[in-house]
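Visitor: Attaching a single structure in structure tokens format; questions to follow.
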Amino acid sequence: MTLRQLSRHWVVLAGLGAVLTAQAESGITASAAAGASASARLDFRVSVPKVIYVSVGTATSMAANPTVDRVDFNVPAGDVGSGNPTSASSGTGGYPVVARVVSNEANVSFTANGSLGGLTNGIQSIPWSQIVPVAGGTLPHPVIGDGTAGAASNLTASGGVVDRSATWNFSYRNTAPLAAGNYGGQVTYTASLP
């Protein structure tokens, strides 16, 4: 066999080897005897991305939703500034408010940043300390800060995962008489990895 013929055989064999290595595992037993068997294996892999998710109010689980819900308090005329708390009774998106935080990376720091100056009506305002959250579930409501994040709720991961949820009810302390009108403000909730 010449060198040229030999090199052709190597090319054919190398190509055949490449085809064979790309095939899945298989097994064969050339026996009709009782108890004969053959086996083959198959590997599986699931790739899970790193995520951090927070929802407060109307939400589709684990999806972005641009809707910002509102909680409404209607103070009875005979209770204005009486110190009798007024419970929230309505709002857009449903009430009580449903909240959830999910992370599969590590512990989570959960904060609430209220708009600067509290809830305002022209030059009149209600401080955030007048809004009292009551959480039912595994997600505590963080302290609402005034123009900055308040004290964080630290959520500890279990098995590398944080999955906390709660329903939140709110009340307005109603400790001082205020000028008539609608007072508005917004709280931004943030879940972040430390």
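The values are calculated or read from the model by the stated rules, or taken from the named source; none is laboratory data. Owing to the predicted nature of the structure, the values given are computational and were not obtained by experimental measurement. Glycine gets a Cβ as well: all are built from the backbone with ideal geometry, and neighbour counts include every protein chain shown. SASA here: full protein model, heavy atoms, side chains in, ligands and nucleic acids out. Shrake-Rupley method; radii C 1.70, N 1.55, O 1.52, S 1.80 Å.
Visitor: Could you give the angle, 0 to 90 degrees to the nearest 10, between helix 3-21's Cα long axis and the longest principal axis of the Cα atoms of the chain?
Guide: 40 degrees
Visitor: Right, here's the next one. If each of Ser26 and Asn107 carries a label point 7 Å out from its Cα toward its Cβ, how far apart are those two points in nm?
Guide: Using points 7 Å along Cα→Cβ, the separation is 5.5 nm.
Visitor: Next question. Which net charge results when you count Lys and Arg as +1 and Asp and Glu as -1 among the other residues whose beta-carbon is under 14 Å from that of Pro85? It would help to have the intermediate numbers written out before the result.
Guide: Numbers: positive: Arg173; negative: Asp79.
Around Pro85, the surrounding residues sum to 0.
Visitor: Something else: I'd like the carbon and sulfur percentage of the solvent accessible area for the chain, probe radius 1.4 Å, heavy atoms only, ligands and nucleic acids excluded.
Guide: Working: 7180 of 12690 Å².
The nonpolar share, carbon plus sulfur, comes to 57 percent.
Visitor: Mind running the shape call on the chain? Use the C-alpha gyration tensor, a ≥ b ≥ c as the square roots of the eigenvalues: rounded below 1.5 for a/c, prolate if a/b tops b/c, oblate otherwise.
Guide: Numbers: a/c = 4.81, a/b = 3.36, b/c = 1.43.
Prolate, because a/c is 1.5 or more and a/b exceeds b/c.
Visitor: So, R0 is 45 Å and r is the distance between the beta-carbons of Val68 and Val161; what FRET efficiency does that work out to, to 0.05?
Guide: After rounding, the FRET efficiency stands at 0.95.
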